[in-house]
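Working notes, beginning with the structure itself.
The values are calculated or read from the model by the stated rules, or taken from the named source; none is laboratory data. Being a predicted model, the structure only gives us computed values, none of them experimental. Ideal geometry is used to build each Cβ from the backbone, glycine not excepted, and the neighbour counts take in all protein chains shown. For accessibility, only protein heavy atoms count, side chains too; no ligands or nucleic acids. Shrake-Rupley method; radii C 1.70, N 1.55, O 1.52, S 1.80 Å.
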Amino acid sequence: MSTDRQSSGGGAGGARRPFFRRRKTCPFSGSHAQKIDYKDVRMLSRYVSERGKIVPSRITAVSAKKQRELAKAIKRARNLALISYVNQ
């Protein structure tokens, strides 16, 4: 038995193209980007999961710098009771 996984096993000799995912761009960077504001509850709630956790940047495609700003704004909004810590 061979454990070599280089061949795709596609069948009739056709080489399979590798899966290509386009890199998403950060919604907070660019010329017409929206600002991160702790008072904008509707915008912040898009980056909080249904359990109340901050969604990671690998899912939302937010850059590392803006993810830190976003986390700080969410925590500030939670502290001021604009966003709940957990959702029921």
Could you sort 63-73, 19-29, 47-57 so that the peptide with the highest average Cβ count within 10 Å comes first and the rest follow in order? 63-73, 47-57, 19-29
Sort 44, 82 from largest to smallest accessible area, using a 1.4 Å probe on the heavy atoms of the protein chains. 82, 44
Along the charge dipole of the range 36-88, Cβ charges K/R +1 and D/E -1, which of 62, 44, 86 sits furthest on the positive end? 62
Per-residue HN-Hα couplings for the range 48-61, Karplus 6.51 cos²θ - 1.76 cosθ + 1.60 at θ = phi - 60°, whole Hz, x for Gly and Pro? 10, 6, 5, 8, x, 8, 6, 6, x, 5, 5, 8, 8, 6
Karplus-derived HN-Hα couplings along the range 25-33 (A = 6.51, B = -1.76, C = 1.60, θ = phi - 60°), whole Hz, x at Gly and Pro: 9, 5, x, 9, 10, x, 6, 10, 7
Per the 1/(1 + (r/R0)^6) rule, R0 = 30 Å and r from the Cβ atoms of residue 49 and residue 29, FRET efficiency to 0.05 is 0.85
